[in-house]
Protein chains: 2
Amino acid sequence: MPKETDEPKQQPGAGCPIRGVLDRIGDQWSLLTLEALEGEKKRFNELMREIGDISKQMLSKTLKHLEQDGFVRRTVYPQVPPRVEYELTELGRSFLIPMKTLIGWAEQNHAAITIARQRHEDA
Amino acid sequence: MPKETDEPKQQPGAGCPIRGVLDRIGDQWSLLTLEALEGEKKRFNELMREIGDISKQMLSKTLKHLEQDGFVRRTVYPQVPPRVEYELTELGRSFLIPMKTLIGWAEQNHAAITIARQRHEDA
DNA sequence: CGATCTAGTCTAGAAAGAAGACTATGAGAG
DNA sequence: CTCTCATAGTCTTCTTTCTAGACTAGATCG
């Protein structure tokens with residue numbers, strides 16, 4: 001079959017801003033990290049402890065991405081037990097607003113989800 | 001060091017409904033799939049084509065999870081080129097509301113993110 | 001009769017993630 | 001003085017997950 005219209009193949013989420021954003025923040029760790037940073041600036045190990053089950057590697061990578069995308073600001077203090085602080089930027093804080101509605105929905109509906117899950121198990 | 005308070009070790013996201021929900025919908029494919037199902041019921045291959053870069057296996061698994069959690073209803077028509085339709089449940093539709101605010105945010109802010117990314121590359 | 005369509009599953013190879021060792025340097029304990 | 005601890009990561013190894021593509025059954029079309 002010859003290429004009919006030389007279809008541009010259209011890279012799946014090319015023009016779609018949702019894709020561009022989801023590719024980065026559409027994962028568990030990014031969302032949890034942003035949530036952990038709400039309110040106060042935190043240090044690396046503080047975030048580790050707070051999130052609990054994230055590995056150093058993933059936290060490091062997640063923070064780098066969030067910094068690249070302008071959600072988080074990283075500040076290094078040239079002390080010798082090194083001190084690095086992470087805090088939300090304006091963009092990061094603005095993101096928390098839609099995220100809050102998502103969290104609110106989760107709080108209201110997690111019971112329904114749990115029930116659906118159990119019904120499925122039983123069946 | 002003896003166990004001081006016999007700390008319950010507290011499974012990281014145990015009591016937190018956000019964790020329970022994020023574990024399932026906190027990934028790219030779930031969000032994209034739910035979005036694709038907005039409005040009309042769709043068949044498996046239709047979803048494949050629409051999402052574009054998801055593999056059969058992941059779409060299959062994602063749909064199963066969404067069905068288990070009560071977001072999606074799966075209907076099989078006993079025809080012989082098999083026909084299976086997926087549609088949002090009430091819960092699924094209600095989820096689109098907070099998700100819309102997230103998408104709206106993405107649309108408004110993806111430019112800022114792109115700029116931040118480029119600035120980072122240059123540096 | 002042979003190709004085609006559907007909704008998946010199965011498999012093998014590639015990629016991502018987890019857990020833990022390791023780094024430099026200064027401070028505090030003994 | 002030496003021993004240990006703390007910080008913010010990186011590096012390495014092993015396990016898990018994901019992708020791409022082959023494969024299935026049975027009706028229909030040419």
Along each of its three principal axes, how wide is the spread of alpha-carbon positions in the protein assembly as shown, in whole angstrom units, largest first? 69, 52, 29
Assuming a ≥ b ≥ c are the square roots of the Cα gyration tensor eigenvalues, decide whether the stretch A:75-123 counts as rounded (a/c under 1.5), prolate (otherwise, with a/b larger than b/c) or oblate. oblate
Can you put A:His110, A:His120 in order of Cβ neighbours within 10 angstrom, beginning with the fewest? A:His120, A:His110
Relative to the other copies, what are the label-point distances for A:Tyr77, with labels 7 Å from Cα along the C-beta vector, expressed in nm at one decimal and sorted shortest first? 6.6
Let me know the shape class of chain B, please: from the alpha-carbon gyration tensor, a ≥ b ≥ c as square roots of the eigenvalues, rounded when a/c is under 1.5, otherwise prolate if a/b is greater than b/c, or oblate. oblate
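Each value in this text was obtained by applying a stated rule to the coordinates, not by laboratory testing. Being a predicted model, the structure only gives us computed values, none of them experimental. So basically every Cβ, Gly included, is an ideal-geometry build from the backbone, and we count neighbours across all protein chains shown.
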